[in-house]
1. Roughly speaking, what is the stretch gain from residue 2 to residue 58, that is 0.36 nm per residue apart minus the C-alpha to C-alpha distance, in nm to one decimal?
2. Compute the relative contact order of the chain as a whole-number percentage, counting only Cα pairs closer than 8 Å that sit 6 or more residues apart in sequence.
3. For segment 1-62, count all C-alpha to C-alpha pairs, find those more than 19 Å apart, and express that count as a whole percent of the total.
4. Test of understanding: what is the full-extension gain from residue 28 to residue 44, defined as 0.36 nm times their sequence separation minus their Cα-Cα distance?
5. Sort 52, 34, 109 by Cβ crowding within 10 Å, fewest neighbours at the top.
6. When the expected Rg is taken as 2.2 N^0.38 Å, what fraction or multiple of it is the alpha-carbon Rg of the chain?
7. At 7 Å along the Cα-to-beta-carbon direction for both residue 75 and residue 100, put a label point, then send me their distance in nm to one decimal.
8. Residue separation times 0.36 nm, minus the C-alpha to C-alpha distance between residue 13 and residue 121: what's the value?
Amino acid sequence: MAAIDTLLAEARSTLVRLDPFAAAAAWRDGALLVDIRPQAQRRAEGDVPGSVLIERNVLEWRLDPTSPHCLPELLGPEQPILILCSEGYASSLAAATLRRLGLVNATDVAGGFRAWRRAGLPTAGGL
């Protein structure tokens with residue numbers, strides 16, 4: 001098995017991943033839906049209206065409750081956080097990292113934005 005496959009499997013073993021419908025329900029119930037895709041990818045694929053946009057390279061600083069750069073949308077370390085990438089790979093790695101920062105309810109959306117869109121959930125834009 002390739003090293004990244006091992007790393008991904010380890011990350012996912014710490015998560016209770018949500019399918020798009022369960023993620024949408026959790027979002028309605030107060031979870032923070034965070035889209036980590038780069039701007040160019042969001043422009044090409046579209047986005048989820050109302051999601052919080054934090055590109056992957058600054059994610060930890062924006063969601064670490066002890067960071068002076070933490071977003072005000074984060075209500076505390078217990079708040080559910082749903083990470084969304086394009087296909088559900090980078091989001092698994094990011095969610096596992098957030099859990100290591102103490103965000104105990106961080107997880108990701110299985111299948112990412114593409115699965116969200118295929119499920120017929122709200123999206124906007126895209127080429």
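1. 17.5 nm
2. Numbers: 225 pairs, mean separation 44.0, N = 127.
It comes to 35 percent, rounded to a whole number.
3. Looking at segment 1-62, the distances longer than 19 Å represent 50 percent of pairs.
4. Answer, rounded to one decimal: 3.2 nm.
5. On the way: 52 18, 34 27, 109 31.
Ascending Cβ contact count within 10 Å gives the list 52, 34, 109.
6. 0.98
7. Modelled inter-label distance: 2.8 nm.
8. Gain on stretching residue 13 to residue 121: 36.2 nm.
Every read-out reported here was derived from the displayed coordinates using simple, explicitly stated rules and does not represent laboratory data. The structure displayed is predicted, hence computed values, not measured ones. As a convention, Cβ positions derive from the backbone with ideal geometry for all residues, glycine included, and neighbour counts pool all protein chains shown.
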